[in-house]
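Notes for the one structure printed next.
None of the figures in this text is laboratory data; all of them are computed from the coordinates on show. Remember, it's a predicted structure, so these values are computed and weren't measured experimentally. Cβ sites come from the backbone with ideal geometry, for glycine too, and all protein chains shown count toward neighbours.
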Amino acid sequence: MTVLSNRISYTFDLHGPSLTVDTACSSSLVATHLGFEAIASGQASMALVGGVNVMLSPMTTIAMCKGHFLAPDGRSKTFDAAADGYGRGEGAGIVVLKRLTDAVRDGDRVYAVLRATGVNQDGRTDGMPMPNEEAQRRLCQDVLARSGLAASDIAYVEAHGTGTRAGDPLEARALGSGDCLGYSVTAASSRRSM
């Protein structure tokens, strides 16, 4: 799996950084961050960022079951009082990242504009599905500062959402702290989504 990105670059004669990212649940978002940084630094003028999950082997599912990460009914109930794990699924997706000026010049349809991205590690916590609330809050503050946006400007957040009664409240508190979203997660207006 580690050479897949390089085989795609070979097939389509793509140049520049070409790497496979495996950070478990955050792989696609970390890849997006790396693509954003490559464009911002001038290392690339465009980035193809993708993510894929295919359940080819039962080993991961067995390990997840033994670790009690999966919901017994196979359904994710993230940020819900009934949260009891998550449901695994398969899928693939890819996005094209470009500078806004380049996309407009090329007549591309612009779906979103990234102002800033950030990646961190929570350090030691009480367990894998237990995010570090303060580390997430600091990351939000850092990304907002670099983006030039106010917390109240945020309309969408991609959250980890472990689907657990222990981890979800920590993440929700970090996101709704006022330093991240500028409003309470539990009282979000209909124009904002999580």
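Checking each residue of segment 93-107 against the condition of being within 15 Å of the chain's Cα centre (by Cα) and either at positive phi or outside any strand (DSSP E or B) (or both) gives no match.
Residues in segment 29-49 that are touching a residue at least 40 places away in the same chain (Cβ under 8 Å), more than 21 Å from residue 104 (Cβ to Cβ) and surrounded by 17 or more Cβ atoms within 10 Å (Cβ to Cβ): 29, 30, 33.
Checking each residue in segment 63-83 for being over 21 Å from the mean Cα position of the chain (by Cα) and acidic (Asp, Glu) picks out only 73. Is there a residue being closer than 18 Å to residue 29 by Cβ and in a helix (DSSP H, G or I) anywhere in segment 147-164? Scanning segment 147-164 turns up at least one residue that is closer than 18 Å to residue 29 by Cβ and in a helix (DSSP H, G or I). The residue that is nearest to residue 103 (Cα to Cα), counting only those in segment 50-72 that are of a type outside the set (Val, Ile, Thr) and surrounded by 13 or more Cβ atoms within 10 Å (Cβ to Cβ), is 50. Being within 29 Å of residue 110 (Cβ to Cβ) and in contact with a Ser or Thr (Cβ under 9 Å, 6 or more places away or on another chain) is a property that does not hold for residue 70.
Taking the criterion of being over 21 Å from residue 156 (Cβ atoms), surrounded by 14 or more Cβ atoms within 10 Å (Cβ to Cβ), touching a residue at least 12 places away in the same chain (Cβ under 8 Å) and of a type outside the set (A, V, I, L, M), the residues of segment 100-131 that qualify are 122, 129. Applying the set (1) over 26 Å from residue 113 (Cβ atoms); (2) touching a strand residue (DSSP E or B) at 6+ places or on another chain (Cβ under 8 Å); (3) assigned to a helix (DSSP H, G or I) to residue 10 leaves exactly one unmet item: (2).
Looking only at segment 50-72, which residues are within 27 Å of residue 169 (Cα to Cα), touching an Asp or Glu at 6+ places or on another chain (Cβ under 8 Å) and without any contact (Cβ under 8 Å) to a residue 40 or more places away in the chain? Residues satisfying the conditions are 53, 72. Taking the criterion of being surrounded by 15 or more Cβ atoms within 10 Å (Cβ to Cβ) and more than 30 Å from residue 73 (Cβ to Cβ), the residues of segment 142-169 that qualify are 143, 144, 147, 151, 154.
Which residues, counting only those in segment 3-28, are touching a residue at least 24 places away in the same chain (Cβ under 8 Å) and crowded, with 18+ Cβ neighbours inside 10 Å? The answer is 28, and nothing else.
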